[in-house]
Structures are given as structure tokens and as C-alpha cells.
Amino acid sequence: MSRLKIIKMMLVILLSFSWIHHAYAETTSENNGHQWWLDLGLGVGVGNGNVFGGGTALIDGNYRLSEHQLFTVRAMQTNEIFGQNNFTDVGVLYGAIAKAKYGYAAVSAGLGWVQYKEAYGQHTGLFQREHIRTINTVGLPVELQLFVTPTPYVGIGIIGFSNVNSVKTVSGAVLALQFGNLW
């Protein structure tokens, strides 16, 4: 699955949540406390086994279901710094959130799709040919969010992430900006 397809899929899901939230808000006159927001983060990720580490980009779509319940859709990719290996994770997570007036902490886990692309060389005389092996599997995405939300629409924080799977477990952290209906 290409990065563009993943981004398009995330946007459709986020727009769907926005529409559902808007439709629900119009049917009730009281404040139901539901909030939604988008996290955009950059950071680092490292994998188990042979040396793998690199820059990570993460997009989260979050929807607060109730006072202590959080639903998250995540797309994340870690690209090896010196090489062609990369790790992509798209997952749906459910967890707990503890919110204060100007911040929150959340932990969640779920089910996801993982794609690991590994480059390997084949020596033929004086030349080396690069090949890419693509492995798809199911993974268990886990996430910890710690955010400061000084305004109702913008926040900043740290997201710790991991994906446990049969191919390559990748963990790391990103510094993220948050946009949406935070309060």
C-alpha cells in the first residue's frame, strides 16, 4: 500500500469522524463532552533484531468517546537513516484517557496492519544488486500520549509508540502538534 493511499484512507476516516461528531452534536442540546483532534508528529523509531532505526512520521486521529475512553486511528512510518528499510503501521486503538483542564495523558492498544520493507543485496561479480523484500502482517499497536493543551484548539506533546508483531517490533517517540476540538 503506497503512502498516498494510506494518507487518503486516514483523511477519509478523519472526515467521517468529523461528520459523525457534527451530526451527533446537532441531535443533542447538551454538551456531551466528546472531542476530536489530529496529532502530527516527527521523531525516531528503533526496531529489534538487526540494527534498524530512523526517522518516524506519525499521524493520529483521536476521538474521545466518553470522559475516560479514547478511540484512535494511527498511521506511522519509520525509515532507516542509512539504508532503504522502512516500517509502516496503520492501526485502530482503544484506550483510557485522564484529562485535566490544560492537558491529558492517554494509553491505548489495538489491532493494526504492518508492512516491513527490507533491502538486501545480491553480489554478482563486481556488482551488487539491491532487492526489496516486502512483508505484510498483523500487529499490536500500543501508544502513550502526554499533551499540554493551553488552548481549546492547539496542543503540543509527546507520543510514545510501539508495534509488536511477528516480523519486526518497532518502538519510539515523536514530538507532536495537535489540532482540533481539544476541550
>> Where the second residue is among the aliphatic types (A, V, I, L, M) and part of a strand (DSSP E or B) and the first is farther than 23 Å from Val167 by Cα and lies in segment 52-64, which pairs have Cβ atoms under 6 Å and are six or more apart or on separate chains?
In response: Gly61/Leu38; Gly61/Val73; Arg64/Leu70
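Okay, residues lined up against (1) over 19 Å from Val138 (Cα atoms); (2) buried (at least 16 other Cβ atoms within 10 Å of the Cβ); (3) at pLDDT 95 or above; (4) not basic (Lys, Arg):
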| residue | (1), (2), (3), (4) |
| --- | --- |
| Asn48 | no, no, no, yes |
| Arg64 | yes, yes, no, no |
| Glu67 | yes, no, no, yes |
| Val73 | no, yes, yes, yes |
| Val90 | no, yes, yes, yes |
>> Being in contact with a strand residue (DSSP E or B) (Cβ under 8 Å, 6 or more places away or on another chain) and modelled with pLDDT under 95 is the filter here; which residues of segment 138-153 pass it?
In response: Thr149, Pro152, Tyr153
>> Against the condition closer than 21 Å to Gly43 by Cα and assigned to a strand (DSSP E or B), how does Val142 come out, does it pass?
In response: yes
> When Tyr94 is evaluated against the numbered criteria (1) farther than 22 Å from Asn48 by Cβ; (2) crowded, with 16+ Cβ neighbours inside 10 Å; (3) among the aromatic types (Phe, Trp, Tyr); (4) under 15 Å from the mean Cα position of the chain (by Cα), which criterion, by number, is the only one it fails?
Replying inline: (2)
> Within segment 160-171, is there a residue that is basic (Lys, Arg) and at pLDDT 95 or above?
Replying inline: no
>> So in segment 100-118, with the set limited to residues that are under 11 Å from Leu70 (Cα atoms) and over 12 Å from the mean Cα position of the chain (by Cα), which one is surrounded by the most Cβ atoms within 10 Å (Cβ to Cβ)?
In response: Ala106
> Any residue at all in segment 70-85 that is without any contact (Cβ under 8 Å) to a residue 24 or more places away in the chain and more than 16 Å from the chain's Cα centre (by Cα)?
Replying inline: yes
>> Can you pull out every residue in segment 157-183 that is buried (at least 16 other Cβ atoms within 10 Å of the Cβ) and of a type in the set (S, T, N, Q)?
In response: Ser162, Asn163, Asn165, Thr169, Ser171, Gln178
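The values are calculated or read from the model by the stated rules, or taken from the named source; none is laboratory data. Since the structure is predicted, the reported quantities are computational estimates derived from the model, not experimental observations. Here Cβ is always computed from backbone atoms with ideal geometry, including for glycine, and neighbour counts include all displayed protein chains.
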